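Undergrad: First, the structure itself, so that you have it in front of you.
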Amino acid sequence: MPETTWWKHGIVYQIYPRSFQDWNGDGIGDLRGICERLDYLGWLGVHAIWISPIYPSPMADFGYDVADYCGIDPIFGTMEDFDRLVSQAHAKGLKVILDFVPNHTSDRHLWFVESRASRDSPKRDWYIWRDAKSDGSLPNNWLSNFGGPAWTWDQATGQYYYHAFLREQPDLNWRNPAVREAMHDVLRFWLRRGVDGFRVDVIWHLMKDPEFRDNPPNIGYQVGRPEIESLLQVHSTDQPDVHDVIAGMRRVIDEFDHRVLIGEIYLPIERLVAYYGSDLSGAHLPFNFQLIQTAWNAREIAALVHEYELALPEGGWPNWVLGNHDQPRIAARVGAAQARVAAMLLLTLRGTPTMYYGDEIGLGRVEIPPERVRDPWEINEPGLGLGRDPERTPMQWDASPSAGFTTGRPWLPLDPKHPACNVERLKQDPNSILSLYRRLIALRRDRRALDVGSYHTVAVEGQVFAYERRHRGERLMVALNLGHEPRRIPLPTDSTEGCVLLSTFLDRTGEAAAGEVGLRADEGLILELRRG
C-alpha cells in the first residue's frame, strides 16, 4: 500500500454511539447527534470515525447482539439518518468505519429463530448445535466470556447451542459456506452505502476446533479474576483456519476502492501478527491492544514497541490503541498527568492510532452506583470490577447539568467533575489536554516523519523512553518521562542539537537543546534534530 493510503496516515476516532450526543432527548446518543458534532471532529483533526454497533438489537449487550445486520435500531435513528451522516462526514473529509459483529447474532435474529425451530430447519447448521454427552452433561467445558458455561440447553429441540458471550448471543457456524456468503453480502450492503471500512468484532473467535475438545486448565489462574481465565482458550479461539475466513472478508473489501478491514484481536504479538494474513491477505490492521495491557513504565513499553516492530510482516502496517469501550480509560489507568504523556506516545509511534472518545478531554473513571449498572458482564460476575460502564459514560460537551449531551436523563451517570472537564471549557484553555491533543494531531499531519516515517529507539534510561521518527531528511526525537521525577537525556550522538516542537505542557516550543535535554516530571517532548 502506498504512503498516501488514507488509513496509513489517518487517525481513527471511536464513537460509542449511545454516549456521544443525544439529539432527541431520550438520554441515549444517536446518529443525528453524531452529525451535530462532526464540526468538532473536524476541528480536532481526526481522519475517520469508527461507530460501535447501530444495528437493530434487543440490547442485551448494547448492540453487540445483532437482530438485523442491514438495518438501524430506532434508538439511533433511521437509515436516512445514517445516509445523511455518511454524506456529511464525507463532505467534511471524514471517513466512516462501521462495527461488524460476525461471530454471533442476537437470539432474536430471524436466522436463529429459524435455526432453533427444528433440527431439520434449513438454517439449523447456521449455528453451533451439539448433543449432550452420554451422561447428560455439557458438550465440553468451554466457558462464556461473560461468566458461566458457553452452552445453553434448548428444550424444544433437545440440543445445546454455543455462545462465546451471553446466551442471548448464539455463535454462528462459519464452517457453513452459506453463512459466509450471507455475511459477505452484509459487508457489500454497507460498502455500497458508502462506508469506508469495518472494525470486525472478536475476529479471532470466528472458527472453533472442529472436534470441540475441552480447553485445558490455566494453572496460573488466580481467584478473583474472570472465570473465563480459568481455562486456556486453545480450542475455542484462534484456530488455524480462521485466516481463510478473514481472507474471504478481505476479498469482499477489495471489491471496493480505498476501504479498510480492522480486526479486534486480544492475542500476544506473535499470534496477533498472523492476522495480517499470508501475503497480507488478511486484516489491513489487526488491532494492537498491547499498550492497554502493558505495565506503564519505560522499559516495558520500549520492549513492547521493539518486539512489535520486529514481528510485523514485511509490508504490514502497525497500529496502536490506548483505550476502547471494553477497557478502563487511560486517565483512569495512569492518572491525569501521565494521560498527557500517553497522548504523545499514541500520536507519535509509527502506525495508525485509534483514539477513544473522551480521552482527549482527560475523562477518567466515572463511578457507577449499583442501581445504575447496565453492563451484563458486571451483572453476571459481580464484585470483580469487570464492569465496562465506567468507560462508556456520556461525552462531556459543556458545564450544563447534562453536560450538553442530552436534554433528558443520560442513560449512564455523568462524571460529577464535568463542569470543569468538558469540551467547551477545555477548548478555551491553551494548556488543556484537549489543546494538547489538537496540537499533536496537527503536528502529526504536518510532519511526514510522524505521519509515515520510520521508527528507531534512541534510549531507555530509568523512566525515560526516547525514540526517533525519520522521513527522508527529517528527524524528530520523542522523549517521554513516564516517571514523576525530572530527568535529563542525551540527544543522539550524530545530532547534538535540537529544537523543541512540542511539550506535553505546551510551554517550551522553540526552546533549543544542545547535547542533552531536560524533562520535567510527567513530561513528553518532541524535538527536531539537527547536526551541531
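Undergrad: Along the charge dipole of the chain, which of 502, 53, 274 sits closest to the positive end, that is, farthest toward it, with unit charges on the beta carbon of Lys, Arg, Asp and Glu (+1, +1, -1, -1)?
TA: Toward the positive end, the furthest listed residue is 502.
Undergrad: Taking square-rooted eigenvalues a ≥ b ≥ c of the alpha carbon gyration tensor, is segment 110-162 rounded, prolate or oblate, where a/c under 1.5 means rounded and, failing that, a/b exceeding b/c means prolate? Please report the intermediate quantities before stating the final value.
TA: Details: a/c = 2.46, a/b = 1.46, b/c = 1.68.
Verdict is oblate for segment 110-162.
Undergrad: Which listed residue (386, 366, 346) has the Cα farthest towards the positive end of the charge dipole for segment 341-487, taking +1 on Lys and Arg C-beta and -1 on Asp and Glu C-beta about the Cα centre?
TA: 346
Undergrad: Could you estimate the translational diffusion coefficient of segment 247-389 from the Stokes-Einstein equation, with Rh from the Kirkwood formula over C-alpha pairs, at 10 °C and 1.306 mPa s, in whole µm²/s?
TA: Translational D for this selection: 94 µm²/s.
Undergrad: Rounded to the nearest 500 deg cm²/dmol, what is the calculated helix-only ellipticity per residue at 222 nm for the chain, with -39500 (n - 2.57) per DSSP H run of length n ≥ 4?
TA: That calculation yields -7000 deg cm²/dmol at 222 nm.
Undergrad: Here is a further query. Taking the Cα centre of segment 453-530 as the origin, how large is its charge dipole in debye, to the nearest 20, when only Lys and Arg (+1) and Asp and Glu (-1) carry charge on their Cβ atoms? Working shown, then result.
TA: Working: 9 positive and 12 negative charges, 43 e Å.
For segment 453-530, the charge dipole is close to 200 debye.
Undergrad: The list (1) 24.6; (2) 22.6; (3) 39.6 gives values of mean projected area of the Cα convex hull in nm², and only one came from this structure; which label was calculated from it?
TA: (1)
Undergrad: Report the net charge of residues surrounding residue 234, where surrounding means a beta-carbon distance below 15 angstrom and charges are Lys +1, Arg +1, Asp -1, Glu -1. Don't skip to the answer; put the middle values down first.
TA: Working: positive: 208, 213, 271; negative: 209, 211, 214, 229, 238, 241, 270.
Summing Lys/Arg as +1 and Asp/Glu as -1 gives -4.
Undergrad: For segment 422-493, build the charge dipole from Cβ charges (+1 Lys, Arg; -1 Asp, Glu) around the Cα centre, then report which of 484, 464, 437 sits farthest towards its positive end.
TA: 437
Undergrad: Report, to one decimal in Å, the Kirkwood hydrodynamic radius for segment 453-530 based on all distinct Cα pairs. Mind showing how you got there, number by number?
TA: Details: mean 1/r = 0.0820 Å⁻¹.
Kirkwood hydrodynamic radius for segment 453-530: 12.2 Å.
Undergrad: What does the highest-first list of 518-524, 242-248 look like by mean Cβ count within 10 Å? Please report the intermediate quantities before stating the final value.
TA: Working: 518-524: 20.3, 242-248: 18.7.
The most tightly packed comes first, giving 518-524, 242-248.
Undergrad: Roughly how many nanometres apart are two label points built 7 Å out from the Cα toward the Cβ at residue 294 and residue 154?
TA: Output for this residue pair reads 4.4 nm.
Undergrad: Indicate the gyration tensor shape class of segment 62-133 (rounded, prolate or oblate), computed on the Cα atoms with a ≥ b ≥ c the square roots of the eigenvalues: a/c under 1.5 is rounded; otherwise a/b larger than b/c is prolate and the rest oblate. Don't jump to the answer; show the numbers that get you there.
TA: Numbers: a/c = 3.66, a/b = 2.82, b/c = 1.30.
Here segment 62-133 falls in the prolate category.
Undergrad: Beta carbons within 10 angstrom, averaged per residue: use that to sort the peptides 432-439, 29-36, 120-127, highest first. Walk me through the intermediate numbers first.
TA: On the way: 432-439: 20.9, 29-36: 22.9, 120-127: 16.6.
Going by the mean number of other Cβ atoms within 10 Å, highest first, we get 29-36, 432-439, 120-127.
Undergrad: So if each residue of separation counts as 0.36 nm, and I subtract the Cα-Cα distance between residue 229 and residue 365, what length gain in nm does that give?
TA: Values: separation 136, 0.36 × 136 = 48.96 nm, distance 2.41 nm.
The residue 229-residue 365 span can extend by a further 46.5 nm.
Undergrad: I would also like to ask the following. Averaged over all directions, how much area does the convex hull of the C-alpha atoms of segment 352-498 cover when projected, in nm²? Numbers along the way, then the final one.
TA: On the way: hull surface 49.9 nm².
Approximately 12.5 nm², given one-decimal rounding.
Undergrad: If packing is taken as the average number of other Cβ atoms within 10 Å across a peptide's residues, how do 250-256, 129-135 rank, most packed first?
TA: Values: 250-256: 14.6, 129-135: 11.3.
In descending order of packing, they fall as 250-256, 129-135.
Undergrad: Moving to a separate point now. Got a sec? How would 373, 96 order by Cβ neighbour count within 10 Å, fewest to most? Working shown, then result.
TA: Details: 373 14, 96 22.
Ranked by crowding around the Cβ, least crowded first: 373, 96.
Here, each number is a calculation from the coordinates, and none is a lab measurement. Since the structure is predicted, the reported quantities are computational estimates derived from the model, not experimental observations. FYI the Cβ positions are ideal-geometry reconstructions off the backbone, even for glycines, and counts take in every protein chain you see.
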